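One structure is given below, encoded as structure tokens.
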Number of protein chains: 2
Amino acid sequence: MRPLMHPSADEISVEGILHALSDPDRVAIYASIVSAGCSQTCSSFLTLRDREIPKSTLSQHFKVLREAGLIRGERKGVEVQNTSRCAEVEERFPGLLGAILKAHAIQSDRAAKQKRKAARSSGN
Amino acid sequence: MRPLMHPSADEISVEGILHALSDPDRVAIYASIVSAGCSQTCSSFLTLRDREIPKSTLSQHFKVLREAGLIRGERKGVEVQNTSRCAEVEERFPGLLGAILKAHAIQSDRAAKQKRKAARSSGN
């Protein structure tokens, strides 16, 4: 089985982080791993933001997050346990992750409000 | 001549901003427009970070920045004058642009230090 590749803390780049977190599904996965505070497997995310995600797509998302240095994956039997590397990233780029997660939260809140407003309008 | 497309403030998305600013050259262009505080044309950037950039590549970079809602372009004769939309983005996603620009600055400083260190080592 191929070993999982992780960049060292020094190799973590802004470009890699921004690319990894520019996808809403990847941000949702990452935010969940950060907030869980414990390791999570890929299959915890088969339903994400009320949609089913194919396992191959999920694996690809995890690979991008891992190669950007945002998470660390560890093989346990047939599964990969994932934990956040936010302390390392925070030390390298203070404030960056918080700002990105906050911006995504603002955007999701706004979208949810608009959805509720549209639902109320169509119900009238 | 085709009109330049700009998203409205409401249409500016985190994904678009992160994608636009995940390229080091685009960040350098954007940081320069922000810090200039006045409009700049595409040709101000034909030399960027000590490298020559083809005009077609520059135009593409400006298009991505414009479509992400980061800059506003206005045709003046044969040139396009570009200004930052940072006030609008800041209102929508407080702290995001500052954190990204700061992270890129940290990374550039670190790279410059390593380059100087390598130059000193090879000179010994």
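Bear in mind that the values in this text are calculations on the coordinates, not laboratory data. Keep in mind that this is a model prediction, so the values were computed, not measured. Neighbour counts are summed over all protein chains in view; Cβ atoms, including those assigned to glycine, are modelled from backbone coordinates with ideal geometry.
Hey, which lysines would be in cross-link range of A:Lys76, C-alpha to C-alpha under 26 Å, not counting anything within fewer than 8 residues on its own chain?
A:Lys55, A:Lys63
From the label point of B:Lys102, set 7 Å along Cα to the beta carbon, how far off in nm is each other copy's matching point, shortest first?
Copy-to-copy label distances for B:Lys102: 0.9 nm.
In nm, give the distance between the simple-model label positions of B:Asp10 and A:Glu52, each being 7 Å from the Cα along the Cα-to-Cβ direction.
3.4 nm
State the residue of chain B whose Cβ is nearest the axis carrying B onto A, and the distance in whole angstrom.
Its Cβ sits closest to the axis: B:Ala99, 2.
Give the order of B:Val64, A:Val78, B:Val27 when sorted by the count of other beta carbons within 10 angstrom, beginning with the fewest. Don't skip to the end; give the middle numbers.
Working: B:Val64 19, A:Val78 7, B:Val27 24.
In order of increasing Cβ crowding within 10 Å: A:Val78, B:Val64, B:Val27.
To make sure I understand the rule: partners must be lysines, Cα under 27 Å from the Cα of B:Lys117, and not fewer than 8 residues away in the same chain. Which ones qualify?
Correct list for B:Lys117: B:Lys102.
Rounded to the nearest 10 degrees, what's the angle between the helix A:55-67 long axis and the longest principal axis of chain A, both from Cα atoms, 0 to 90?
So the inclination is approximately 60 degrees.
Ignoring everything except DSSP H segments at least 4 long, calculate the 222 nm mean residue ellipticity for the protein assembly as shown; use -39,500 (n - 2.57) per segment, divide by total residues, nearest 500. Present the calculation step by step, with values, prior to reporting the outcome.
Working: 10 runs with 136 residues, N = 248.
About -17500 deg cm²/dmol.
Cβ under 13 Å from A:Gln114's Cβ, A:Gln114 left aside: what net charge do those residues give with Lys, Arg +1 and Asp, Glu -1? Present the calculation step by step, with values, prior to reporting the outcome.
Numbers: positive: A:Arg110, A:Lys113, A:Lys115, A:Arg116, A:Lys117, A:Arg120; negative: A:Asp109, B:Asp10, B:Glu11.
Within the 13 Å Cβ shell, the charges total +3.
Mind listing the label-point distances from A:Thr83 to the same position on all other copies, shortest first, one decimal in nm, points 7 Å along Cα→Cβ?
So the distances to the same position in the other copies read 5.1 nm.
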